[in-house]
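What follows draws every value from the coordinates through simple rules; no lab data is involved. What you see is a predicted model; the values in this text were computed from it and never measured. Using ideal geometry, Cβ is built from the backbone for each residue, glycine included, and neighbour counts are taken over all protein chains shown.
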Amino acid sequence: MQSKIEEIKKELRNQTTIPYFGLAVFQGTTTKEGESVPYDSDSLILAMNGGRAMSARLMFEYSRAAMHLEQRRGVDYMVQLINHIYTKPFEPTQLHKSIFDMLPRYIIDTNRDTKMQELLAYTPHTLIIGKARILAGPNRYEVFEYDVENRKYFQVEESVLDESKCILFKPMGSPLPEPSFVISDADYVDWLTEAMGGFAIPKVLKTYRKAKKYLFLGTSFDRDTDRMVANELTMDLEGGYVITDKELTKKEQKFIEKHNLEVLPMSLAAFSEAFA
């Protein structure tokens, strides 16, 4: 297994494999106040609802629970709530640090935190933020360049996207440069609809990602939403790796086989330790 991990490291360094972060990378992570950082759908719902479980129908998936809260309290409330959850102080995980050390040119982070942005704070980079339900046009993203000297982002046109810098793609949003998230059912329906039309990813990435592999870290494919998002973000992939020690469902197995992914049967914690 260690030889396979060394092979993955080599592929990350030579830019043939793209890291792809999911919720479970935060399993076991706590804030400086001792609160657990959400690491799956259930824990994210609990965080959104003040630690209280919701009905079985709403507990099915966090996007459904978020839609319920949005209908009751409004979009602005949801933005503030998710921003509050992910701006509580906590350290980047060892896995974030290890991937950062590989100096990848392109990182996909489907979480809504700022840990990778914090690690990139002294590195020139491009940030692409996913957006939902915007009226300015069909594109479901905005492009930002990072000013290292002043440690701030400024928005740029896609046409001037600098391919020579590290590109961090956060399709589900981030608190920075300003809070914006894809979180509710309505957000996902809008984002996925436009993604399927080709409007969720800049053209430069559509070219760059061809024939690349992906390293799925903390990503589960047991929900339709996660499978659809991964499918849109990794089109033209060559294959890749899934780190999990859990028994796969039939839908997960079908997705993995269809995308020619190799399962490394180990926990993410064990992988992180071996990778570091």
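What the table shows:
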read-out: Estimated inter-spin distance, residue 103 and residue 57, nm [label 7 Å along Cα→Cβ]; value: 5.4 nm
read-out: Listed candidates (1) 50, 44, 39; (2) 63, 40, 34; (3) 54, 44, 32 - label of the one calculated as Cα extents along the principal axes in Å; value: (1)
read-out: Helix-only CD estimate at 222 nm, as mean residue ellipticity for the chain, using -39500 (n - 2.57) per DSSP H run (n ≥ 4); value: -11000 deg cm²/dmol
read-out: The stretch 118-157: trypsin sites (Lys or Arg not before Pro) in DSSP loop, at most 14 other beta carbons within 10 Å; value: 133, 151
read-out: Extension gain (nm, one decimal) between residue 199 and residue 94, 0.36 nm per residue minus Cα-Cα; value: 34.5 nm
read-out: Whole-Hz couplings from phi, Karplus 6.51/-1.76/1.60, listed for the stretch 208-214; x for Gly and Pro; value: 5, 6, 4, 6, 9, 9, 10
read-out: From phi via Karplus (6.51, -1.76, 1.60), per-residue ³J(HN,Hα) for the stretch 122-130 in Hz, x at Gly/Pro; value: 10, 10, x, 7, 10, 10, 10, 9, x
read-out: Estimated distance in nm for a label pair at residue 157 and residue 33, the labels positioned 7 Å out from Cα along Cα-to-Cβ; value: 4.4 nm
read-out: Cβ-Cβ FRET estimate between residue 260 and residue 139, R0 fixed at 41 Å, reported to 0.05; value: 0.90
read-out: Beta bridges by DSSP in the stretch 2-275, antiparallel share as percent, to the nearest 5; value: 35 percent
